[in-house]
Amino acid sequence: MLNAVKQSWLTFKSIFTGMGVTIRHFFGPSVTLRYPEERMELPKGARARLFVNIDDCIGCNLCARACPVNCIDIETVAATKDVDLGKTSTGNPKRFWLTRFDIDMAKCMYCDLCVHPCPTNCIYMVPEYEYSEYDRSNLVYHFSNLEPEMVAEVKEKAEQEAEQKKREREEMMRKKAEEKAKKELEEKKKADEEATKNEKENGGE
Amino acid sequence: MIEVISKETGNKEMVINMGPQHPSTHGVLRLELVLDGEIITKVRPHIGYLHRCFEKYAEQMDDYAKVIPYTDRMDYVSAINQEHGYVIALERMLELEVPERVEYIRVIMAELQRIASHLLGIGAFGLDLGAFSPFLYLFTEREKILDIFEKVTGARLLYNYFAVAGLMRDVHPEFKTDTAEFVKTFRPKIKELNDLLSYNKIFIQRTANIGVLPEKVAFNYAASGPVLRGSGVKWDLRKNDPYSIYDRFEFDIPVGTGEVGTLGDCWDRYMVRVKEMEQSLRIIEQALDGMPDEGDVMAAIPKRIRAKEGEIYVRTESPRGELGYYIVSDKSASPFRVKARAPSFVHLSLLPAISRGSLIADMVAIVGSIDIVLGEVDR
Ligand code: SF4
Ligand code: SF4
């Protein structure tokens with residue numbers, strides 16, 4: 001009997017201590033935000049969304065290679081001799097047209113591994129988190145600023161140049177091969193002549 | 001629902017599924033329960049719903065460092081501790097020296113993460129047993145820790161912050177004051193938690209003498225962490241096999257005492273976690289004092305990781321227990337094999353042993369008290 005009373009007393013006591021805590025919290029300051037009206041300020045350096053400053057990109061592909069999930073898709077075309085793409089703001093010369101620079105933010109896991117190897121610091125995270133989409137394909141961000149016609153043009157030019165170079169190289173190779181063949185032929189002739197001469201001399205003795 | 005006749009007792013038994021979509025299985029765990037009335041006669045955990053091939057992925061990567069973000073995703077509640085184990089394993093493999101400042105920052109982060117993880121574990125445990133308010137109050141505190149993390153690493157949950165022999169970025173100048181401020185405000189909250197939940201009679205009634213795990217069974221099942229300490233065994237890898245710089249700090253290892261029930265019951269396991277948070281605060285305070293102000297945290301990170309042929313096993317104390325990484329290298333750029341010894345997986349295998357004979361309502365308490373994270377079980 002005594003034990004039962006004691007137990008009930010302990011129960012009541014513990015419940016009311018708990019209630020006290022709850023009441024203190026009830027009158028305490030609010031800890032939540034009413035989201036769409038109030039927004040949390042993300043700290044500097046928060047990793048929420050990737051951004052590429054395409055003007056500074058030199059197309060070195062280091063970021064794409066560092067990504068564990070392969071969500072960066074870069075296609076570069078070598079610039080032809082007649083154009084100068086200029087330099088980045090960090091002073092690195094640009095040698096490639098960036099015909100494609102796509103990042104699939106739906107695949108990205110915000111690991112920050114692509115940010116560190118970039119030589120010009122042009123790929124980085126920005127603290128922006130409201131970018132939901134109804135269609136997942138809208139989450140593939142296209143950072144390349146070249147128009148499709150431009151892309152076709154530079155590709156054609158680059159191809160032409162490559163073709164030209166290839167032809168030149170082939171020409172050179174052919175010339176070389178011809179010269180080599182000529183030389184060999186001459187050498188053979190000489191050797192033959194010498195051989196016959198030797199034979200004659202040997203035979204004469 | 002299937003009904004079977006028990007061979008032993010001749011009673012009609014019922015087989016039901018708990019989960020995989022059940023609010024108190026902490027993820028996607030399916031428990032196949034065989035019930036005799038309300039008494040559980042058999043439990044069979046079914047896992048694999050969250051399997052993401054972590055170990056196979058690690059072999060696929062062309063760089064050791066690319067595996068670190070994947071370790072985060074194993075136990076997403078204590079991501080920092082998962083990274084810690086992995087980078088320590090690599091550092092020992094490569095015989096790298098870790099700068100002093102890096103070690104201190106790592107310990108502070110790891111202990112903060114331990115508190116955050118225990119807050120979630122305790123809060124969800126209370127929530128499962130019907131205590132809603134503590135969950136909210138604890139989450140308020142957890143948010144503060146996540147804020148600190150976000151300011152330092154840029155992410156709130158999956159940090160990818162530790163690098164081999166370094167950190168991905170330096171801490172901001174206010175890091176010390178922020179953390180010290182948190183430590184100061186958090187201490188009274190532990191007392192509040194004890195008032196609100198730990199010594200609440202209803203809570204005690206639901207957890208004391210439930211799911212008793214005797215010391216011997218704990219050893220046989222290779223339990224570790226708070227589950228093992230709840231059974232009264234003083235075993236903590238931070239003390240017994242010190243890694244990083246844990247041997248420099250003074251802290252106690254709280255163990256279960258059977259204060260309100262039997263030694264090794266759900267309440268003991270719960271209380272060990274509460275007391276551990278206090279110890280973590282002590283470690284953080286000491287580490288904040290000892291942390292050097294100067295030093296480049298990124299200087300020692302190797303550009304390319306080329307390990308010698310060999311293998312290594314490193315175990316660390318994660319909030320859930322002994323987290324081990326077994327890494328085999330074949331001299332190439334990617335690991336030949338990475339095996340993670342996940343404490344949650346080991347503890348899940350304890351379930352059948354400690355829940356036989358208890359009521360179905362207590363199953364929730366038992367699952368909550370071993371504090372598993374399914375991401376780590378399935379990997
Ligand atoms: S943040 Fe990580 S996952 Fe995302 S693009 Fe960069 S490297 Fe890839
Ligand atoms: S690493 Fe930087 S410069 Fe190189 S391709 Fe990526 S964004 Fe461009």
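The values are calculated or read from the model by the stated rules, or taken from the named source; none is laboratory data. Since this is a predicted model, take the numbers as computed values, not measurements. Here the Cβ positions follow ideal geometry from the backbone for every residue, glycine too, while neighbour counts run over all protein chains shown. The protein model used for the area step is the full one, side chains on, heavy atoms only, and it has no ligands, DNA or RNA in it. Shrake-Rupley method; radii C 1.70, N 1.55, O 1.52, S 1.80 Å.
In whole percent, and with a 1.4 Å probe on the protein chains, what portion of the accessible area of chain B is carbon and sulfur?
54
Of all aspartates and glutamates in the structure, the ones whose alpha carbon falls short of 17 Å from that of B:LYS275, not counting any fewer than 8 places away in one chain, are B:GLU111, B:GLU141, B:GLU192, B:ASP195, B:ASP236, B:GLU250, B:ASP252, B:GLU259, B:ASP265, B:GLU285, B:GLU317, B:ASP371.
Database remark: amide H of B:LEU213 closer than 5 angstrom to the amide H of B:ASP265 (H placed geometrically; neighbours at sequence offset of 5 or more, or on other chains; Pro and chain starts carry no H). What segment A:61-205 shows is 74 Å² of accessible area per residue, with the surface traced by a 1.4 Å probe over protein heavy atoms. Between helix A:148-204 and chain A there is an angle of about 40 degrees, using the helix long axis and the longest principal axis of the Cα atoms. Pairing chain A with chain B buries about 2200 Å² of accessible area. This figure sums both sides and uses a 1.4 Å probe. Using the Cβ-Cβ distance between A:ASP104 and A:ALA177 with R0 set to 45 Å, the FRET efficiency from 1/(1 + (r/R0)^6) comes to roughly 0.40.
Using a Förster radius of 45 Å, what is the FRET efficiency between A:ASP55 and B:LYS239 based on their Cβ-Cβ separation? Nearest 0.05, please. Calculated transfer efficiency: 0.25.
Run lengths n ≥ 4 of DSSP H only: what is the helix-derived mean residue ellipticity at 222 nm for chain B, with -39500 (n - 2.57) per run over all residues, to the nearest 500? Write down the numbers at each step before the final one.
Details: 15 runs with 173 residues, N = 379.
Computed ellipticity for chain B at 222 nm equals -14000 deg cm²/dmol.
Remark: segment A:41-51, residue by residue, has Karplus-estimated 3J(HN,Hα) of 7, 6, x, 4, x, 5, 9, 10, 7, 7, 9 Hz, where x stands for each Gly or Pro and the curve is 6.51 cos²θ - 1.76 cosθ + 1.60 at θ = phi - 60°. Gap in Å between the Cα centre of segment B:151-170 and the Cα centre of segment B:197-275? Each part reduced to its Cα centre gives a spacing of 30 Å.
Residue order by solvent-accessible surface for A:VAL69, B:VAL373 is A:VAL69, B:VAL373, largest first, with ligands and nucleic acids left out and a 1.4 Å probe.
For B:ALA163, the residues whose amide H sits under 5 Å from its own are B:MET168, ignoring neighbours fewer than 5 places away on the same chain, with H placed 1.01 Å from N.
Across segment B:341-354, computed HN-Hα scalar couplings (Karplus, 6.51 cos²θ - 1.76 cosθ + 1.60, θ = phi - 60°) run 8, 8, x, 4, 4, 5, 5, 5, 5, 6, 3, x, 6, 9 Hz from first to last residue, x flagging Gly and Pro. Bridging of B:LYS216 to lysines at a Cα separation below 18 Å is possible for B:LYS234, once same-chain residues fewer than 8 apart are set aside.
Per DSSP helix of 4 or more residues, -39500 (n - 2.57); summed, then divided by the residues of chain A. What does that give at 222 nm, rounded to the nearest 500?
On the way: 3 runs with 88 residues, N = 205.
So the calculated ellipticity at 222 nm is -15500 deg cm²/dmol.
Dipole magnitude of segment A:64-108 about its Cα centre, charges +1 at Lys/Arg Cβ and -1 at Asp/Glu Cβ only, in debye to the nearest 20? Let's see the in-between values first.
Details: 7 positive and 6 negative charges, 39 e Å.
Here the size comes out at about 180 debye.
Other residues within the sphere of radius under 13 Å centred on the Cβ of A:ARG167, judged by their own Cβ, net out at -1 (K and R +1, D and E -1).
As a fraction of the 1.4 Å probe accessible area of chain A, surface on carbon and sulfur atoms comes out at 54 percent.
Given a 1.4 angstrom probe, what's the average accessible area per residue across segment B:54-378, in square angstrom? Write down the numbers at each step before the final one.
Numbers: 11290 Å² over 325 residues.
Accessible surface, normalised per residue, equals 35 Å².
Take each residue in A:11-22, count the other chain C-beta atoms within 10 Å of its C-beta, and the mean is 5.
Shown here: segment B:128-214, whose C-alpha atoms stretch 48, 29, 21 Å along the first, second and third principal axes, sorted largest to smallest.
Which FRET efficiency, nearest 0.05, do A:GLU184 and B:GLU309 yield, Cβ-Cβ r, R0 35 Å?
Details: r = 50 Å, r/R0 = 1.42.
The formula returns an efficiency of 0.10 here.
With θ taken as phi - 60° and the Karplus curve 6.51 cos²θ - 1.76 cosθ + 1.60 applied, the whole-hertz 3J(HN,Hα) list for segment A:129-137 is 10, 9, 9, 5, 9, 6, 10, 5, 5 Hz, x standing for glycine and proline.
Note down the relative contact order for chain A as a percent, whole number, built from C-alpha pairs under 8 angstrom at least six residues apart. If you can, show how the numbers build up before the last one.
Working: 193 pairs, mean separation 43.8, N = 205.
Normalised by residue count, the contact order of chain A is 21 percent.
Placing unit charges on the Cβ atoms only, positive for Lys and Arg and negative for Asp and Glu, gives segment B:54-378 a dipole magnitude near 620 debye about its Cα centre.
Distant-in-sequence amide contacts of B:ARG30, defined by a placed amide H-H separation under 5 Å and a gap of 5 or more residues or a different chain, comprise B:HIS46.
Under the definition of partner shielding as Cβ atoms of other protein chains within 10 Å of a residue Cβ, what is the mean value for peptide B:189-198? Could you put the intermediate results ahead of the total?
Details: counts 0, 0, 1, 6, 1, 2, 6, 8, 3, 1.
Mean shielding count: 3.
Centroid-to-centroid, using Cα positions, segment B:3-57 and segment B:86-114 are 39 Å apart. For the peptides B:225-237, A:18-30, B:176-188, B:271-283, residues were scored by their other Cβ atoms within 10 Å and the scores averaged per peptide; the highest-first order is B:225-237, B:271-283, B:176-188, A:18-30. Once the Cα atoms are used to define both axes, helix B:175-193 deviates from the longest principal axis of chain B by about 20 degrees. Once the Cα atoms are used to define both axes, helix B:132-153 deviates from the longest principal axis of chain B by about 20 degrees.
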